[in-house]
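A short worksheet on the structure shown next.
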Amino acid sequence: MSSNNETQVVSDFNELNVSENSISVKTNHKNCYDPYNDKFWCKECVPRCIIEGWTSGNDDIDNLIKDSIYDTCRGEYIGNGKYSPSFLKWVPFDRFEDMKQIGEGGFAKVYSATWIDGDAKYIKQDDGNWIKEEPKSMKVALKRLNGSQNMSADYLNELKTHWKLNCAQLDSLKFYGMTKDPKTEEFIMIMQFASRGNLKNILSSNFKNILWDEKVMYLTGAAEELKNLHELGYFHKDFHSGNMLSDSDICFYISDFGLSRPSNEQKSDNKIVGVLPYIAPEVLNGEPYTLSSDIYSFGVVMAELSSGKPPFYKRKHDNNLALEICNGLR
């Protein structure tokens with residue numbers, strides 16, 4: 001080994017001081033830390049153990065994860081005026097266990113699983129270095145993107161939109177990072193596990209026990225998330241009770257951004273996608289999607305939360321229903 005390579009190995013090794021309970025990560029500067037403005041480190045200070053030594057095998061995903069590291073957003077408050085940085089992580093598939101399928105849609109399968117290492121936090125020290133917390137296992141949801149061996153623009157859009165919403169609102173459904181099934185080569189999103197499931201199932205099993213102040217709280221949280229999504233310049237395009245997830249008695253999160261698109265890219269292409277009873281009549285008529293189309297879907301959810309019944313649950317979701325909705329049926 002050359003002298004230069006030996007020096008580099010020593011330099012890399014010296015960045016990590018490993019103890020029984022944590023990892024101390026050295027950085028170059030003591031003062032490039034301003035969590036109130038979502039600045040945790042500069043590019044020169046990103047710990048090498050985070051930014052190097054891994055690859056997803058896909059340049060777009062690698063760039064998305066690295067961009068989230070360089071431009072990290074504010075994460076969990078840890079006391080004493082300090083926050084841990086929040087960024088996407090690449091996690092080897094073998095760091096998950098107890099995988100069980102809990103849902104399936106047209107473009108993805110969802111599993112519950114135990115993340116052995118969990119979402120470890122990095123804590124800034126007074127000397128300018130970072131301490132990585134001891135790993136703690138946690139339950140997560142894994143969303144397998146069907147046929148994603150060659151990452152499509154649609155799938156990549158979903159990842160970017162979900163991460164942007166995470167950075168815009170701390171109370172959104174957490175997106176932790178990505179992994180890949182080595183057998184199928186399909187990419188998988190690592191997400192917060194919503195222990196209570198979706199609003200549709202909750203209303204079906206427990207409607208009589210939900211108080212009105214709880215209903216208002218659910219809608220307020222969802223409205224805030226939808227507002228943030230719109231302020232980012234996106235439409236959801238598939239808002240319904242099955243895409244509202246909950247992990248507590250007071251919080252609901254919007255999920256599934258697979259159809260979301262920037263508002264300046266909207267155009268009518270005569271292709272209507274989504275759950276029919278929630279789709280705005282103007283969209284069914286072939287007009288372009290607008291902010292108002294999301295608001296219409298939100299109004300349908302409001303009625304569903306009030307009655308406890310899905311919209312048009314006694315009707316076939318067919319062309320006849322679509323035509324009647326266009327003619328004013330509500």
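Every test in (1) surrounded by fewer than 13 Cβ atoms within 10 Å (Cβ to Cβ); (2) β-branched (Val, Ile, Thr); (3) closer than 22 Å to Cys167 by Cα is passed by Val216 save one, and that test is (3).
The set of residues in the range 100-121 that are of a type outside the set (D, E, K, R) and either at pLDDT 90 or above or not assigned by TED's automatic domain parsing to the domain that holds Lys89 (or both) comprises Gln101, Ile102, Val110, Tyr111, Ser112, Ala113, Thr114, Trp115, Ile116, Gly118. Scanning the range 182-193 for residues that are farther than 18 Å from Lys139 by Cα and not basic (Lys, Arg) gives Pro182, Thr184, Glu185, Glu186, Phe187.
All of Lys160, Lys124 fail the test of being charged (D, E, K, R), at pLDDT 85 or above, farther than 15 Å from Gln192 by Cα and in the same structural domain as Ile50 (by TED's automatic domain parsing), apart from Lys160. Annotation note: of Thr184, Thr161, Thr179, the sole residue that is of a type in the set (Val, Ile, Thr), assigned to a helix (DSSP H, G or I) and in contact (Cβ under 8 Å) with a residue 24 or more places away in the chain is Thr161. Selection of the range 279-310 for residues being touching a Ser or Thr at 6+ places or on another chain (Cβ under 9 Å), buried (at least 19 other Cβ atoms within 10 Å of the Cβ) and without any contact (Cβ under 8 Å) to a residue 60 or more places away in the chain yields Ile279, Ala280, Val283, Tyr289.
Which residue is modelled with the highest pLDDT, if the candidates are limited to the range 43-80 and must be outside any helix (DSSP H, G or I) and among the aromatic types (Phe, Trp, Tyr)? Across the range 43-80, the extreme among qualifying residues is Trp54. A search for C-beta distances below 8 Å between a residue of the range 85-106 that is among the polar types (S, T, N, Q) and any residue that is part of a loop (DSSP other than H, G, I, E, B), counting only pairs 6+ apart in sequence or on different chains, returns Ser86/Thr72. Checking the conditions here, which among Lys174, Lys180, Lys208, Lys237 is closer than 19 Å to Ala280 by Cα and of a type in the set (Lys, Arg)? Within the list Lys174, Lys180, Lys208, Lys237, the selection yields Lys237. Pull up the range 132-164, narrow it to residues that are among the hydroxyl-bearing types (Ser, Thr, Tyr) and under 18 Å from the mean Cα position of the chain (by Cα), then point me to the one that is farthest from Phe235 (Cα to Cα). Restricting to residues being among the hydroxyl-bearing types (Ser, Thr, Tyr) and under 18 Å from the mean Cα position of the chain (by Cα), the top hit is Ser148.
The values are calculated or read from the model by the stated rules, or taken from the named source; none is laboratory data. These numbers were taken from a predicted model, which means no experiment stands behind them. All Cβ positions, even for glycine, are placed from backbone atoms using ideal geometry, and neighbour counts span all protein chains on display.
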